[in-house]
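Colleague: After the structure tokens below, expect a handful of questions from me.
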Amino acid sequence: MSSSNQGAHILIFPYPAQGHMLPMLDLTHQLAIRGLTITILVTPKNLQTLDPLLSSHPSIQTLVLPFPHHSSLPSSVENVRDVGNIGNVPITIALGKLHDPILQWFKSHPTPPVALLSDYFLGWTNQLARQLGIPRITFFSSGAFFTCVLNNIWSNMETVRTLSVVIFPDLPRSPTFPIDHLTSWCRQYLQSDPDWVFFRHGFIANMSSWGWVFNVFDGLEKEYLDHLRKTMGHIHVWQVGPLHLLGGERTLDRVNPESDLSEDVMKWLDGCPDGSVLYVCFGSQKLLKRDQMEALAYGLEQSNFRFIWVVKLAMDQHGGYAYEFTPDGFEDRVSARGIILKGWAPQVMILNHRAVGGFLSHCGWNSVLEGVTAGVMILAWPMEGDQFVTARLLVENMGVAICVCEGANTVPNSVKLARAIALAMSKDIPQRLRVEELRGKAMEAIRAGGSSSKDLDGLVRELAQLQVKQCE
Ligand SMILES: O=c1ccn([C@@H]2O[C@H](COP(=O)(O)OP(=O)(O)O[C@H]3O[C@H](CO)[C@@H](O)[C@H](O)[C@H]3O)[C@@H](O)[C@H]2O)c(=O)[nH]1
């Protein structure tokens, strides 16, 4: 396949948040092995994240542009990881100022890109692509159900934000959500603030982009993908997930190379019985408050189950770094059966270890795909963004997870949490069987000739076709 695609040059623009970048880099890897010529755009502090990709594909070019200033961001911040999801609006606005530098780079390039593939938070690039006279493809790092909900919210924001319960009668299963379970943007949106108007326009622009790529698979979200194809009248909708499964040995590169934690953790898991360990991790952005950490610690302690709990390092208000709080003495008390993993965990490796039987997760889209494809039971604690919608998909639609807590600021009851952990970790819970079936469907989707694999090839064919058209 590769030789016929040589020369089709694509500009890839990831959004600087781990949950967005990692799947987009997996996608880039797939496009590179299929022979496309790739330039990837990052700001200086995100360049390091590309190291594994660039060492596998030395032919990939980088376009490194300085991160533009935004008054509400400390000057050292170039990634949502450093500030949490509160940074999404200013980071998107700041990146919008790259419009002119990209335009200049494009005009001076001897063989400029024939298409622009950018994250769904970078909807302003739709207009940029139009100016450049090339198609823009939106990459969605979240699911199709959430995209249906989000399109609806942004299109009707003036009404939606006044409601306490929002009904989506036109979506499959006509879901209803309390406003608090929809993205906090509904509460924060300010029509009089140009930053918010710009942010909103980006999402609306996504709806008219030339193509859409989703990190999803048929078995999980077919009804929502079909809905999007039907309502948007779009033929260029590609489902290419779960991308982390296609990443091959790249998956291991997600482990922080400076830490040797992964070896110790895997050794510890080797000594644990099958399905006996609960893995606890809330993605790359969300930091729990002190009382939430305490309640979670006591819940884990009382459950008596083995666990690995990932505790994050975060920037404090003085620009220094500190780990999330854990109660005094907790680590010693549970040392016989629990590990507190400080820093960046080798999540995919841990989830795929035979000893791991449950995953207490915030339902970030990547974590969900990684949990499901490891055949691990998910204990959902949705907190923000797309996570309530994803939890609905898993708990109610698919029946592969149970909900153990809800809300970004909720302090769980430790006793109830311990009970829920015990229930979820039991071997005979029906959700466990269903998640195994769903895992089979994900594997089916990515094998040669499977639905995601075919779509990935179809996407590359279309991109190569653009090159042919440009040469005619
Ligand atoms: O110690 C860690 C922590 C995270 N990860 C990886 O980081 C990614 C985290 O992604 P995700 O589970 O999606 O969570 P967030 O980082 O919170 O992602 C943001 O972006 C996602 C994709 O748009 C959304 O679904 C989430 O709600 C949003 O918070 C996953 O691949 C994890 O494997 C690690 O490898 N080690």
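Colleague: So what is the orientation-averaged projected area of the chain, using the convex hull of its C-alpha atoms, in nm²?
Modeller: Taking the Cα atoms of the chain, their convex hull projects to 21.8 nm² on average.
Colleague: Counting only C-alpha contacts under 8 Å and six or more residues apart, can you give the relative contact order of the stretch 259-443 as a whole percent?
Modeller: Answer for the stretch 259-443 is 26 percent.
Colleague: Using all Cα-Cα distances in the stretch 22-167, what percent lands in each 5 angstrom bin from 0 up to the longest?
Modeller: It works out to 2, 8, 15, 19, 20, 17, 11, 5, 3, 1, 0, in whole percents.
Colleague: A follow-up question, please. What ³J(HN,Hα) values, in whole Hz, does the Karplus curve 6.51 cos²θ - 1.76 cosθ + 1.60 give for the stretch 126-133 when θ = phi - 60°, with x put for Gly and Pro?
Modeller: 4, 5, 4, 4, 4, 4, 7, x
Colleague: Okay, moving on. Would you give the gap between the C-alpha center of the stretch 383-451 and the C-alpha center of the stretch 153-179, rounded to a whole Å?
Modeller: For the stretch 383-451 versus the stretch 153-179, the Cα centre distance is 24 Å.
Colleague: Ser141's amide H: which non-local residues (gap 5+, or another chain) put their own amide H closer than 5 Å, with H modeled 1.01 Å from N in plane and none for Pro or chain starts?
Modeller: Tyr120
Colleague: From the backbone phi of the stretch 93-108, what are the Karplus-calculated ³J(HN,Hα) couplings (6.51 cos²θ - 1.76 cosθ + 1.60, θ = phi - 60°) in whole Hz, Gly and Pro given as x?
Modeller: Working through the residues one at a time gives 5, 4, 5, x, 6, 7, 3, 5, x, 5, 4, 5, 4, 4, 5, 8 Hz.
Colleague: Which number comes out as Rg/Rh for the stretch 259-443 once both Rg and the Kirkwood Rh are worked out on C-alpha atoms?
Modeller: Taking Rg over the Kirkwood Rh, I get 0.94.
Colleague: Using only helices, what value at 222 nm comes out for the chain when you add -39,500 (n - 2.57) per DSSP H run of length 4 or more and divide by the total residues, to the nearest 500 deg cm²/dmol?
Modeller: Dividing the helical sum by the residues of the chain leaves -12500 deg cm²/dmol.
Colleague: In the stretch 358-434, which trypsin sites (Lys or Arg not before Pro) fall in coil by DSSP and have 13 or fewer other Cβ atoms within 10 Å?
Modeller: Sparse-neighbourhood loop trypsin sites (Lys or Arg not before Pro): Lys427.
Colleague: Return the subset of Lys45/Lys441; Lys289/Lys342; Lys97/Lys289; Lys222/Lys286; Lys286/Lys441 for which the Cα-Cα distance in this structure is over 26 Å, preserving the input order.
Modeller: Lys45/Lys441; Lys97/Lys289; Lys222/Lys286; Lys286/Lys441
Colleague: Mind putting a number on the dipole of the chain about its Cα centre? Charges go on the C-beta only, +1 for Lys and Arg and -1 for Asp and Glu, and I need it in Debye to the nearest 20.
Modeller: 660 debye
Colleague: Whole angstrom only: what separates the Cα centroid of the stretch 313-375 from the Cα centroid of the stretch 65-103?
Modeller: Using only Cα atoms, the two centres lie 27 Å from each other.
Colleague: On to the next question. What is the set of long-range amide H partners of Ser184 at a cut-off below 5 Å, with H atoms built 1.01 Å from backbone N?
Modeller: The answer is Gly385.
Colleague: Ranking request for peptides 394-401, 228-235: highest mean number of other beta-carbon atoms within 10 Å first, then the rest in descending order.
Modeller: Per-residue Cβ counts within 10 Å, averaged per peptide and sorted highest first, yield 394-401, 228-235.
Colleague: Give the long-range amide H neighbours of Trp212: residues separated by 5 or more places, or on another chain, with amide H under 5 Å away, using H modelled in the peptide plane at 1.01 Å from N.
Modeller: When sequence neighbours closer than 5 places are left aside, the close amide H contacts are Thr138, Val237, Trp238.
Colleague: Hey, another quick one. Antiparallel versus total DSSP beta bridges in the stretch 259-443: what percent is that, nearest 5?
Modeller: So the antiparallel bridges amount to about 10 percent of the total.
Colleague: So in the chain, what percent of DSSP beta bridges are antiparallel if you round to the nearest 5?
Modeller: Roughly 10 percent of the beta bridges in the chain run antiparallel, per DSSP.
Each value in this text was obtained by applying a stated rule to the coordinates, not by laboratory testing. Everything numeric in this text was worked out from a predicted model, so none of it was measured. Please note: Cβ atoms are built from the backbone with ideal geometry, for glycine as well, and neighbour counts cover all protein chains shown.
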